[in-house]
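For reference, the structure discussed in these notes is given below.
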Amino acid sequence: MKKTLLTLTALALLTGSAEARTWEEIKRSGTIKIATEGAFPPFNMIKGKQLTGFEVDLAKELATQLGLKVQWVTQPFDNLLIGLNQDRYDFVIASHGITPERAKAVNFANPHYCTGGAIVTRPGGPMTAAALKGKKVAVQVGTTYLENVRKVPGVGDVKTFPKDTDAQAALMAGRVDAWVGDKFTGIDLVKAQKGKVIQGDMLFKESIAMAVKKGNSGLLKELNAALAKALTNGSYAKISSQYFGQDVRCK
Ligand code: ARG
């Protein structure tokens, strides 16, 4: 994690000369290039051959409001902000929590949902931060889960996986004592696995936002305006209830 963050910060400084597409350029082209992971259900995932999820539908709604077509790019989670700073796409929507480290490398939009990192374990397993002492925990690499689990005093082995779903699979297979991931993802996992796993405490809270290349203020302004509109015109509420049965906006 430390290494990734340093790399991100270094990239922000080194790639200062490369120019991200401005809002005017994007508007003129008629298409906005959006990057996500496509492996983080129910936020962004591939179903059949279709990229879908709460964030995919929300981003499509924002693009429609901005009068743009969408071109999607999928990347491993850990590469997303690096690719952004290499001008490979216009913005990223992939459940990034706003952190001071990341904010050194990119600019975040206003949050599009609020959530937290929560423990999921098998019955009888660790349910609290204190209970993680000496325990093996699975998390996705490059995430705030990793950062926060590492801070738990006395935590045992922290195993990282390229994909969050692989970290969940490690818990199901009994290779770790707990998985720490998104609160809403955890609720879905518990439902899908019917009694085989249970959700424990939330370790930390976070606000999730889209990211643009540092300094791309024109695009940031447009995204924030489109998001504000979606939050008030009912479209956000509709998409949110479709995926979560509730409104997940920050309150
Ligand atoms: N919210 C967590 C973070 O900010 C996890 C995000 C993971 N996103 C993904 N597309 N896998 O690090």
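Sequentially through the range 239-247, phi angles give Karplus couplings (6.51, -1.76, 1.60; θ = phi - 60°) of 5, 4, 5, 4, 8, 10, x, 7, 8 Hz, Gly and Pro residues having no value and appearing as x.
Annotation: amide H of F161 within the under-5 Å range of V139, Q140, V141, sequence separation 5 or more or interchain, hydrogens built in the peptide plane. For G116, the residues whose amide H sits under 5 Å from its own are K183, F184, E206, ignoring neighbours fewer than 5 places away on the same chain, with H placed 1.01 Å from N. Straight-line cross-link reach from K33 at under 27 Å between alpha-carbon atoms covers these lysines, not counting any fewer than eight positions away in the same chain: K47, K49, K60, K69, K104, K163, K213, K214, K221, K229, K238. Each residue of the range 31-47 is assigned a 3J(HN,Hα), and the resulting list reads 9, 10, 9, 10, 10, 8, 8, x, 9, 10, x, x, 8, 8, 7, 10, 10 Hz, derived from the Karplus form 6.51 cos²θ - 1.76 cosθ + 1.60 (θ = phi - 60°), x at Gly and Pro. Bridging of K196 to aspartates and glutamates at a Cα separation below 20 Å is possible for D164, D166, D177, D182, D188, once same-chain residues fewer than 8 apart are set aside.
Once the Cβ-Cβ distance of V190 and W72 is raised to the sixth power relative to R0 = 25 Å, the FRET efficiency obtained is 0.25. Taking other Cβ atoms within 10 Å as a rough exposure proxy, L132, L227 sort from fewest to most as L227, L132. Backbone amide hydrogens, once placed in the peptide plane, bring T31 within less than 5 Å of K69, excluding anything fewer than 5 places away on its chain. Residues considered: A129, A209, A39. Largest GNM mean-square fluctuation over the chain, using C-alpha springs under 10 Å, is found at A129.
Rounded to whole numbers, the Karplus 3J(HN,Hα) couplings from phi for the range 149-155 are 5, 4, 7, 5, x, x, 4 Hz, using 6.51 cos²θ - 1.76 cosθ + 1.60 with θ = phi - 60°, and x at Gly and Pro. Kindly express, to the nearest 10 degrees and within the range 0 to 90, the angle between helix 54-65's C-alpha long axis and the longest C-alpha principal axis of the chain. In the chain, helix 54-65 runs at an angle near 10 degrees to the longest axis. Its Cα gyration tensor gives the chain an equivalent ellipsoid. The semi-axes, each the square root of 5 times an eigenvalue, are 32, 21, 15 Å from largest down.
Since every read-out is calculated from the coordinates, none of them should be taken as a lab result. Here the structure is a predicted model, which is why all the values come from computation and not from measurement. Please note: Cβ atoms are built from the backbone with ideal geometry, for glycine as well, and neighbour counts cover all protein chains shown.
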